[in-house]
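Notes for the one structure printed next.
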Amino acid sequence: MYKIKSAEFLAPNIKKFIIEAPKIAQKRKAGQFVIIRIDENGERIPLTIADSNIADGTITIIVQGIGKTTQELNSLSANDSIRDVVGPLGKPSHIENFGTAVSIGGGVGTAIAYPTAIALKEAGNHTISIIGGRTKEFVLLENELRAVCDEVYPTTDDGSYGYKGFVTQKLKELIDSGKKIDFVLAIGPIPMMRAIAETTRPYGIKTMVSLNPVMVDGTGMCGGCRATVDGKTVFVCVDGPEFDAHLVDFDLLIRRNRTYSKDEKTALEHTCNYDVAFEKALQGGN
Amino acid sequence: MAELTKKERMKIPRQPMPEQDGNVRSGNFKEVNLGFTEELALLEAQRCLQCPKPVCISGCPVGVNIRDFIGLISEGKYAEAAAKLKEDNALPAVCGRVCPQEEQCESKCVLGVKGEAVAIGRLERFAADFERNTLGIRTPQIKPKTGKKVAIIGSGPSGLSCAGDLIQMGHDVTVFEALHAIGGVLLYGIPEFRLPKEIVKAEVDALSKLGVDFQPNSVIGFTDTIDELLTSGYDAVFIAVGAGLPYFLNIPGENLNGVYSANEFLTRVNLMKAYRFPEFDTPVFDCKGKNVAVFGGGNTAMDAVRTSKRLGAAKANIIYRRSENELPARAEEAHHAKQEGIEFLFLANPLEFIGDKDGWLKQVKLQKMELGEPDASGRRKPVPIPGSEYLMDIDMAVIAIGNGSNPIIQKTTPDLSYTKRGNIVVDPDTMKTSKKGVFAGGDIVTGGATVILAMGAGRTAAKAIDEYLKEGK
Ligand SMILES: Cc1cc2nc3c(=O)[nH]c(=O)nc-3n(C[C@H](O)[C@H](O)[C@H](O)COP(=O)(O)OP(=O)(O)OC[C@H]3O[C@@H](n4cnc5c(N)ncnc54)[C@H](O)[C@@H]3O)c2cc1C
Ligand SMILES: Cc1cc2nc3c(=O)[nH]c(=O)nc-3n(C[C@H](O)[C@H](O)[C@H](O)COP(=O)(O)OP(=O)(O)OC[C@H]3O[C@@H](n4cnc5c(N)ncnc54)[C@H](O)[C@@H]3O)c2cc1C
Ligand code: SF4
Ligand code: SF4
Ligand code: FES
């Protein structure tokens, strides 16, 4: 059992958890993830380790409730427990001093990009962060990112906060303003990551994305997480999750993530917790 | 029971295993074989001639004292028979069910020369089940604590048997397992209808009671490395991580929705209990009314195809590139599959998977094969017949063509010797690797093999580890 030390909503439906997992806290590097299983009947789902505190023996995860398991998770509060947490899994992000590095997060993707943004800063990069959200309330971790990055640009689709438009437009603007950008890390919905890949491709800027296929074991045993990169099959859980954006077959990833769409609806109907969590979220409580 | 003469004994026919009817069981996940009743067990045990030189034993990879345990059954001493079995085999309830007995112990039994061998496996199962169901698994005596600590990586049969032996020798044992549950392939691979998970659980619980410390959710290499285990107080390490890297066919279309590795399909169904979705949260391909094709001919392929049938597949096919004679699965499994309505397509090889515009599998392009000269494995090699390609409609495919070795240990412990295929090199007498204090056994050494071989390796390693802990080399 892994105890939840604190749980709070950062945005509607996006919740931050601090969980006791001393060993993982000690070991994890930016870009790695855990697989959790809430209870005996639960599904195993992957979640990025957004942060850790070695002294407290805790890790932080930030979860967007999109289906049965994530919504059930988001209905938990401090002092509840999670049955299984395994990790750290996956390859750590490749970090070096590229020069100027831009990390781009869309929605909950900001939480996934956050630890790597810190590592990029620590490696000596001039770091720029673009935080995309649908509206103001979905712009995550702005203060945290401002504390580490040299430049931070929030963007919203509706212009309710920061730059009005998509993260891709902001990125293109930065590039066209003559800034020399050496590295881009983009994490968010697949269409966003694909759009970033197409934005940087003509400029030949090295661009990485973090892929989010459906996983089971997370150790390379099942092959369920496979994706195509540079025409070859990879197992995202052990070969990734970060890959060269210009070589990823995004269409395939989108299609494979739809494998259980129908069942996911069934699973949701089978539960009732999610409404509770959702309502709480709307009221801004936790 | 009155003493029978040898002649009388030889007149008793081999007792059939009572089983669920094929039509009924293909719709449920309950165990297919129901097990001998006491009456059947007594009759079968009487068939054993109690040979002065029991040749059957040479066919068992761990040398189970077959004659004596069967002798005890024929005297009605079932618990004693179970104890006798446990002297050599830590998991008789498992082996009695899944050992390929017809190739091992039973293939050597003298009765098999002219007639039918004694049903050694069925008797083994009977004795072990009797013990578990009536007395509970008894815990053996433990030697005084030695103060030494051993880390075992992997909780499959190899790790479990090693843990059982070492704890009895007085050492402290921690078993690290990557998954959230203990049992390895016995849990996530072999389906409930062949090996009820309750049996695995009972064995694991018995080991816990003896003091074995199980640490699930621990991927060695990531959570801790082998070097970290050795410097954090473990005196020796046994690596028993199995052969957990699924091979794919490497043909076009293999990443379409509906194409699974056998590992993924079976793990979803067995470990995650997707057959009870939505009571359990993990989904699996909805096989109801669909055409399923499983590629391969081993036990794994049989387990996958029979599972798909139980999930409601309208047609469930085995597609194998050699002929029926070369089928590597146990004869009983293939036979059971046929009874359940599984169709077999021999001498056909997949060339390409074809999907619809949304990326769902719809067809497979197959090529007909014929058998040529024997290959390195001694089996006749399948050769493609030019121009024989044709299409078959399928909705789901399971690739069951074997497993390689998972590279996590190799990447994080480069100072061990590995073969080109990534298997760990050991001294077969001691299971010692090239690294001091580190031993390895089971499928990670041999490549995909059998439960009993993996257990045998665990036992050999336990003996060698005990010596190493006493002598320091
Ligand atoms: C390496 C990795 C790191 C991740 N890190 C985070 C994280 O830090 N925070 C976070 O909120 N999420 C993260 N995810 C995504 C998260 O694992 C999924 O949201 C989760 O598995 C969905 O489970 P569910 O039962 O709630 O939803 P489901 O009922 O399984 O799915 C609901 C909907 O989401 C789609 N979907 C299914 N699987 C995924 C997936 N893996 N990613 C995106 N959409 C999916 C389905 O098509 C469906 O429409 C990560 C994924 C990976 C692979
Ligand atoms: C579907 C199927 C059906 C089979 N049917 C039969 C049969 O009928 N009869 C028979 O005799 N044999 C059968 N076999 C083969 C048999 O199951 C294996 O030979 C046997 O289980 C090997 O045992 P093992 O202990 O070496 O490894 P495994 O049983 O594979 O166990 C290894 C364990 O190690 C864990 N692990 C892996 N990496 C790590 C790590 N880095 N850190 C921590 N833990 C790790 C794995 O999660 C796993 O639990 C079958 C195999 C399969 C897949
Ligand atoms: S362990 Fe397997 S091979 Fe040995 S006697 Fe028992 S069934 Fe036969
Ligand atoms: S060889 Fe056959 S008959 Fe002889 S002891 Fe073994 S099982 Fe019994
Ligand atoms: S999740 Fe099973 S191999 Fe990656």
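The values are calculated or read from the model by the stated rules, or taken from the named source; none is laboratory data. Just so we're clear, the structure is a prediction, and the values are computed from it rather than from any experiment. All Cβ positions, glycine included, derive from the backbone under ideal geometry; neighbour counts span all protein chains shown.
Some points to look at:
- Taken over segment A:22-38, the criterion of being farther than 18 Å from residue A:238 by Cβ and within 9 Å of chain B (Cβ to nearest Cβ) is satisfied by A:23, A:37, A:38.
Okay, residues lined up against (1) buried (at least 18 other Cβ atoms within 10 Å of the Cβ); (2) within 16 Å of ligand 1 (Cβ to nearest atom); (3) modelled with pLDDT of 95 or more:
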| residue | (1), (2), (3) |
| --- | --- |
| B:39 | no, no, no |
| B:56 | yes, no, yes |
| B:63 | no, no, no |
| B:72 | yes, no, yes |
| B:104 | yes, no, no |
| B:109 | yes, no, yes |
| B:114 | no, no, no |
| B:122 | yes, no, yes |
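- Any hit, segment B:77-99, residues being more than 22 Å from residue B:159 (Cα to Cα) and not in a helix (DSSP H, G or I): yes
- On the stretch given as segment A:83-107, residues that are of a type in the set (A, V, I, L, M) and part of a loop (DSSP other than H, G, I, E, B) total 1.
- Counted residues, segment B:195-221 - those being of a type in the set (D, E, K, R) and at pLDDT 95 or above: 1
- The set of residues from segment A:99-120 being surrounded by 20 or more Cβ atoms within 10 Å (Cβ to Cβ) and more than 24 Å from residue A:156 (Cα to Cα) comprises A:119, A:120.
- Strands (runs of 3 or more DSSP E) wholly inside segment A:1-82 that include at least 2 residues being within 16 Å of ligand 5 (Cβ to nearest atom): A:33-37, A:45-48
- Applying the condition of being surrounded by fewer than 24 Cβ atoms within 10 Å (Cβ to Cβ) and modelled with pLDDT of 95 or more to segment B:147-166 and asking which residue is farthest from ligand 1 (Cβ to nearest atom) yields B:148.
- Taken over segment B:14-40, the criterion of being within 16 Å of ligand 4 (Cβ to nearest atom) and closer than 24 Å to residue B:197 by Cβ is satisfied by B:36 alone.
- Residue in segment B:393-400 that is assigned to a loop (DSSP other than H, G, I, E, B), within 30 Å of residue B:101 (Cα to Cα) and within 14 Å of chain A (Cβ to nearest Cβ) present: yes
- Residue identified as buried (at least 24 other Cβ atoms within 10 Å of the Cβ), touching a residue at least 12 places away in the same chain (Cβ under 8 Å) and of a type in the set (A, V, I, L, M) among B:452, B:401: B:452
- If the condition is being touching a residue at least 40 places away in the same chain (Cβ under 8 Å), on the phi > 0 side of the Ramachandran plot, surrounded by 23 or more Cβ atoms within 10 Å (Cβ to Cβ) and more than 10 Å from every other protein chain (Cβ to nearest Cβ), then segment B:177-219 contributes only B:184.
- Residues satisfying the stated conditions in segment B:86-110, i.e. touching a helix residue (DSSP H, G or I) at 6+ places or on another chain (Cβ under 7 Å) and either away from ligand 2 (no atom under 16 Å from the Cβ) or not assigned by TED's automatic domain parsing to the domain that holds residue B:38 (or both): B:86, B:108, B:109, B:110
- The set of residues from segment A:180-236 being among the basic types (Lys, Arg), touching a Ser or Thr at 6+ places or on another chain (Cβ under 9 Å) and either touching a residue at least 60 places away in the same chain (Cβ under 8 Å) or outside any helix (DSSP H, G or I) (or both) comprises A:180, A:206, A:226.
- The number of residues in segment A:171-191 that are under 20 Å from the mean Cα position of the chain (by Cα) and surrounded by 16 or more Cβ atoms within 10 Å (Cβ to Cβ) comes to 8.
- Scope segment A:26-54; condition within 23 Å of residue A:103 (Cα to Cα) and among the aliphatic types (A, V, I, L, M); matching residues: A:30, A:34, A:47, A:49, A:50
- Scanning segment B:267-284 for residues that are charged (D, E, K, R) and at the interface with another protein chain (Cβ under 7 Å from one of its Cβ atoms) yields B:268, B:279, B:281.
- Here is the figure for segment B:220-234: residues that are part of a helix (DSSP H, G or I) and more than 11 Å from chain A (Cβ to nearest Cβ) total 5.
- Being within 9 Å of chain B (Cβ to nearest Cβ) and surrounded by fewer than 21 Cβ atoms within 10 Å (Cβ to Cβ) holds for only one residue in A:56, A:84, and it is A:84.
Residue-by-condition table, conditions (1) surrounded by fewer than 22 Cβ atoms within 10 Å (Cβ to Cβ); (2) within 9 Å of another protein chain (Cβ to nearest Cβ):
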| position | (1), (2) |
| --- | --- |
| A:193 | no, no |
| A:200 | no, no |
| A:203 | yes, no |
| A:207 | no, no |
| A:211 | no, no |
| A:219 | no, yes |
| A:224 | no, yes |
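- Every condition in (1) of a type in the set (Lys, Arg); (2) within 28 Å of residue A:88 (Cα to Cα); (3) within 14 Å of chain A (Cβ to nearest Cβ) holds for residue B:421 except the one numbered (3).
- Considering segment B:262-373, the qualifying helices (runs of 4 or more DSSP H), each wholly inside and each with 2 or more residues that are touching a Leu at 6+ places or on another chain (Cβ under 7 Å), run over B:299-310.
- Matching entry among A:152, A:148, A:139 (being surrounded by 15 or more Cβ atoms within 10 Å (Cβ to Cβ), more than 18 Å from residue A:119 (Cβ to Cβ) and β-branched (Val, Ile, Thr)): A:139
- Flag: residue B:57 matches the condition of being part of a helix (DSSP H, G or I) and either within 12 Å of ligand 3 (Cβ to nearest atom) or within 26 Å of residue B:185 (Cα to Cα) (or both).
- Filter pass, residue A:219 being of a type in the set (S, T, N, Q) and closer than 19 Å to residue A:251 by Cα: no
- Exactly one residue among A:179, A:172 is more than 16 Å from residue A:108 (Cα to Cα) and modelled with pLDDT under 90, and that residue is A:179.
- Hits in segment B:235-265 (condition: of a type in the set (A, V, I, L, M) and facing another protein chain (nearest Cβ under 9 Å)): B:245, B:256
- Residues located in segment B:74-101, provided they are under 25 Å from residue B:183 (Cβ atoms), surrounded by fewer than 22 Cβ atoms within 10 Å (Cβ to Cβ) and either touching a Cys at 6+ places or on another chain (Cβ under 6 Å) or charged (D, E, K, R) (or both): B:86, B:87, B:88
Residue-wise test of (1) more than 8 Å from ligand 2 (Cβ to nearest atom); (2) within 30 Å of residue B:348 (Cα to Cα); (3) of a type in the set (Val, Ile, Thr).
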site	(1), (2), (3)
B:225	yes, no, yes
B:230	yes, no, no
B:269	yes, yes, yes
B:278	yes, no, no
